[in-house]
Amino acid sequence: MKKDTDKARESRRSFLRFAGVGTLAAGAAVVTAEPAAAVEAEAEGTSGYRETAHVKTYYKLARF
């Protein structure tokens with residue numbers, strides 16, 4: 001019975017150890033990731049509807 005308890009404790013410890021390492025690795029990946037490319041700024045003063053590429057794609061798929 002003691003061996004079963006020891007195995008459970010060892011299993012829990014190894015899980016927590018790997019979870020901690022995984023968290024650190026994920027954090028490092030986020031820190032070292034390059035920032036997303038900036039979208040070109042629209043000319044100031046323009047407002048309202050803009051027919052952008054994704055809108056044109058929608059129209060094409062919806063068959064407007």
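Where a number appears in this text, it was derived from the coordinates with a stated rule and is not lab data. Owing to the predicted nature of the structure, the values given are computational and were not obtained by experimental measurement. No Cβ is skipped: glycine too gets one built from the backbone with ideal geometry, and neighbour counts run over all protein chains shown.
Once both labels are positioned 7 Å from their Cα atoms along Cα-to-Cβ, the gap between R9 and T57 label points is 5.6 nm.
Once the chain from S47 to A25 is taken as fully extended at 0.36 nm per residue, the excess over their C-alpha distance is 3.6 nm.
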